[in-house]
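> Sharing a structure here in structure tokens format.
The values are calculated or read from the model by the stated rules, or taken from the named source; none is laboratory data. Since the structure is predicted, the reported quantities are computational estimates derived from the model, not experimental observations. Glycine also receives a Cβ, built like all others from the backbone with ideal geometry; neighbour counts cover every protein chain displayed. Just the protein is used for accessible areas: all its heavy atoms, side chains included, with ligands, DNA and RNA removed. Shrake-Rupley method; radii C 1.70, N 1.55, O 1.52, S 1.80 Å.
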Amino acid sequence: DSGVTQTPKHLITATGQRVTLRCSPRSGDLSVYWYQQSLDQGLQFLIQYYNGEERAKGNILERFSAQQFPDLHSELNLSSLELGDSALYFCASSVGGRHNSPLHFGNGTRLTVT
Amino acid sequence: DAKTTQPPSMDCAEGRAANLPCNHSTISGNEYVYWYRQIHSQGPQYIIHGLKNNETNEMASLIITEDRKSSTLILPHATLRDTAVYYCIVRVGEGSGGSNYKLTFGKGTLLTVNP
């Protein structure tokens with residue numbers, strides 16, 4: 001158990017809908033990262049937050065947004081969903097700051113768009 | 001981040017040591033080598049990381065060559081549960097300044113442990 005909790009585990013929704021994925025980082029971790037893994041793309045970095053502030057952006061679509069709350073949990077919002085958004089979405093956390101700490105991943109949310 | 005090169009697949013007999021190679025010839029002085037593995041559709045699992053010295057923990061050993069251009073992950077006694085995709089990643093240390101500390105995953109090595 002990595003200590004990173006993601007909910008829900010599975011999500012099935014229709015095209016055009018909006019969903020929210022939730023991540024609770026490990027206790028004491030200030031950085032949160034979001035990744036997308038689809039069959040043909042591998043693990044793709046989406047976005048990183050550190051202590052509530054956005055720190056880095058990767059290949060995140062404009063239809064997607066994220067935030068990190070004062071209690072350090074994070075949410076990834078996906079809107080106007082398309083079939084191609086079906087994927088595993090992983091959250092990871094690390095201590096952040098000036099600590100050379102590894103990322104620890106949750107077990108992901110499997111999103112199916114029908 | 002420096003790119004890494006790994007063989008796409010490897011086989012290992014159960015109980016034997018698994019030695020997974022990784023080339024990272026363009027690694028910079030402030031970049032660490034990280035190893036993760038992913039067991040079918042689960043979240044990537046952190047294994048070990050190092051800068052220039054060899055490292056060992058309860059899961060594995062990491063051997064980094066003196067010129068730091070390559071490394072080897074060693075699973076000393078592979079079991080069937082070690083069958084997974086193993087990723088070798090280089091990343092700057094978080095103490096080096098800046099904010100881009102993401103891990104960039106390649107295709108990794110599919111290690112199959114056979115009974």
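> Any idea of the accessible area per residue across region A:72-114, 1.4 Å probe, to the nearest Å²?
I get 32 Å² per residue for region A:72-114.
> Please provide three numbers in whole Å: the alpha-carbon extents of region B:1-107 along the principal axes, with the largest listed first.
Computed over region B:1-107, the largest-to-smallest principal extents equal 42, 31, 25 Å.
> Note the direction-averaged projected area, equal to a quarter of the hull surface, for the Cα convex hull of the protein assembly as shown, in nm².
So the Cα hull casts an average projection of 12.3 nm².
> How big is region B:27-82 on each of its three principal axes, counting only the C-alpha atoms and giving the largest first in Å?
Cα extents, longest axis first: 34, 23, 16 Å.
> Rg/Rh for region A:32-114 to two decimals, with Rh computed the Kirkwood way over all alpha-carbon pairs.
Over the Cα atoms of region A:32-114, Rg/Rh equals 0.97.
> Sticking with this structure for a sec: Is there a simple number for the mean count of other chain Cβ atoms within 10 Å of the Cβ of residues in B:39-49, and what is it?
Mean shielding by partner chains, rounded to a whole number: 5.
> Could you tell me which trypsin sites (Lys or Arg not before Pro) in region A:1-98 are loop residues by DSSP with no more than 12 other beta carbons within 10 angstrom of their beta carbon?
A:Lys9, A:Arg18, A:Arg98
> On to the next question. What is the percent carbon and sulfur in the accessible area of chain B, measuring with a 1.4 Å probe over the protein chains and ignoring ligands?
49 percent
> If you restrict to DSSP beta bridges whose two residues both lie in the protein assembly as shown, what percentage is antiparallel, to the nearest 5?
90 percent
> Determine, for the protein assembly as shown, the count of lysine pairs separated by eight or more sequence positions (or lying on different chains) whose alpha-carbon distance falls under 26 Å.
Total qualifying Lys-Lys pairs in the protein assembly as shown comes to 15.
> Just to confirm my understanding: which cysteines in chain B have no other cysteine beta carbon less than 4.7 Å from their beta carbon?
Cysteines of chain B left without a disulfide-compatible partner: B:Cys12.
> Obtain the radius of gyration and the Kirkwood radius of region A:1-56 from its C-alpha atoms and give Rg over Rh.
0.99
> Here's a follow-up. For region B:4-54, what does the convex hull of the Cα positions come to per residue, in cubic angstrom?
115 Å³
> Karplus couplings for region B:12-19 from phi (6.51 cos²θ - 1.76 cosθ + 1.60, θ = phi - 60°), rounded to Hz, Gly and Pro as x?
Rounded to whole hertz, the list is 8, 7, 4, x, 8, 6, 9, 10.
> Using mean Cβ contacts within 10 Å as the protection proxy, how do B:16-25, B:58-67 order, highest first?
Result, highest mean Cβ count within 10 Å first: B:16-25, B:58-67.
> Still on this structure, I have one more. B plus A alone minus the pair: what accessible area, both sides summed, probe 1.4 Å, in Å² to 100?
Result for this pair: about 1800 Å² buried.
> Here's another thing I want to ask about it. Which one of B:Lys52, B:Lys69, B:Lys102 has the biggest mean-square fluctuation once chain B is modelled by GNM with Cα springs under 10 Å?
Looking only at B:Lys52, B:Lys69, B:Lys102, the biggest GNM fluctuation is shown by B:Lys102.
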